[in-house]
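Just so it is clear, none of the values below were taken in a lab; they were calculated from the coordinates. Everything quoted here is computed from the prediction, not taken from an experiment. Note that each Cβ is placed from the backbone with ideal geometry, even for glycine, and that neighbours are counted across all protein chains shown.
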Amino acid sequence: MTTLVTGGAGFISTTLIGRLLGRGDKVLALDNFSRGSRDNIAGFIGHDHFAFAQVDLSDLIAFRAAVSAHGGMGPVTEVWHLAANSDIPAGIADARVDLRDTFVTTFNTLEIMQEIGAKRLYFASSSAVYGDLGDKLLTEDIGPLFPISAYGAMKLASEAAISAAAEKFLDVALLFRFPNVVGVPATHGVLLDFMRRLRQDRCVLQVLGDGTQQKAYLHVSDLVDAMLLVQARSTARLDAFNIGPTDLGVTVRAIAAETVAVAAPGAELRFGQGNKGWIGDVPRFAYSTAKLQALGWRPSMDSLTAIRRAIREIAAQECVT
Ligand SMILES: NC(=O)c1ccc[n+]([C@@H]2O[C@H](COP(=O)([O-])OP(=O)(O)OC[C@H]3O[C@@H](n4cnc5c(N)ncnc54)[C@H](O)[C@@H]3O)[C@@H](O)[C@H]2O)c1
């Protein structure tokens, strides 16, 4: 029995695959390297229970061929669907990027699952499905859900397509709504952006927006722990879970200061205008993780501890000291 991981060469998949192999799964990872890389999976290549194929999952015929080429690994029984566009500026410039990489990859994943008889799906969704609900506590059943970015819209559309597929043929469909996730191998995100800016200019760090944006951050190790715990303990056929720390998060201003202290002490912080870093940025949100906690999960790090650990990890990844 094989576990299929889409977006398998990306940031979060790397930690997930390590854990899946560690528990004895055979893993087939698929990725087109639009953001992930061969380096991210180098540690798994040669592992008896690991196979990888480079494929664009928005191309159904290519997707089908990649899965059938690895039929010798045994039937796929479980799918972790993590492929998506994580290049936010690309999605703002052209919403078709999110349509293709975030929604069509989900649609095709469901098509393939039905064809091969795989019935358990675990989906990497996002807090972006909630849109901007101000200070309201974001519980999983709050509404209406009006996303304010194409990315959020395509994640919500993906959840809707999965819900319909659950009615038709899935035995298990768990939707994990992630906060901001940090750690390595970083492929995108505010910490990597700051680190690369400081590598280019050690004197000034330009921050998008006025720095008051405040978000919850979770270390990737805690995120993967939480997903595996929900997989083991949830008895639902179709359900959504917010995953996040229990605090309200850290401001971008504080993250900038923490990054400068490690990567370029003394650099000047310069801020932009307004409380949004980009179109579709949700400036702050209050995430309820009560449902997740009711299953017995607690994060090992709060947002600030996760940020501090990830800054050190990304500084090492980017060779910045
Ligand atoms: N990192 C976060 O803070 C965060 C927050 C919320 C949700 N998520 C979701 O978690 C999942 C993993 O995110 P990540 O941070 O590891 O990002 P990532 O970009 O590192 O991983 C996504 C992977 O999908 C691949 N991919 C994209 N389009 C593809 C396509 N058409 N065909 C094949 N592969 C394709 C990319 O190459 C990449 O390796 C994504 O679905 C993302 O939307 C992440």
Would you mind getting the Kirkwood hydrodynamic radius of the stretch 99-227 from its Cα pairs, rounded to one decimal in Å? 16.9 Å
Over 18 Å between alpha carbons, listed pairs 119/168; 215/276; 26/155; 119/155; 119/291: 26/155; 119/155; 119/291
Using θ = phi - 60° and the Karplus relation 6.51 cos²θ - 1.76 cosθ + 1.60, list the HN-Hα couplings for the stretch 51-56 in order, rounded to whole Hz, with x at every Gly or Pro. 9, 9, 9, 8, 7, 8
Estimated vicinal HN-Hα couplings, Hz - the stretch 235-251 in sequence order (Karplus 6.51, -1.76, 1.60; Gly, Pro = x): 10, 6, 7, 9, 7, 10, 10, 5, 10, x, x, 8, 8, 8, x, 10, 7
Relative to the longest principal axis of the C-alpha atoms of the chain, give the angle of the C-alpha long axis of helix 252-263, reported between 0 and 90° and rounded to the nearest 10°. 80 degrees
Hey, can you rank 220-226, 283-289 by average C-beta count inside 10 Å, highest first? 220-226, 283-289
Semi-axes of the equivalent ellipsoid of the stretch 1-117: what are they in whole Å, largest first, if each equals the square root of 5 times a C-alpha gyration tensor eigenvalue? 23, 17, 11
Neighbour-count order for 11, 271, 44, fewest beta carbons within 10 angstrom listed first: 271, 44, 11
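Per DSSP H run of at least 4 residues, take -39500 (n - 2.57); add these up for the chain, divide by its residues and hand me the 222 nm value, nearest 500 deg cm²/dmol.
Result for the chain: -11500 deg cm²/dmol, rounded to the nearest 500.
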For the stretch 219-291 and the stretch 26-43, distance of Cα centres in Å: 24 Å
Take the Cα atoms of the chain, find their three principal axes, and give me the spread along each one in whole Å, biggest first. 56, 44, 40
Interchain or long-range residues, amide H under 5 Å from residue 50's placed H: 27
Assuming a viscosity of 1.306 mPa s and a temperature of 10 °C, what translational diffusion coefficient in µm² per second does Stokes-Einstein assign to the stretch 1-56, Rh being the Kirkwood radius over Cα pairs? 147 µm²/s
Could you line up 140, 268, 111 from fewest to most neighbouring Cβ atoms inside 10 Å? 268, 111, 140
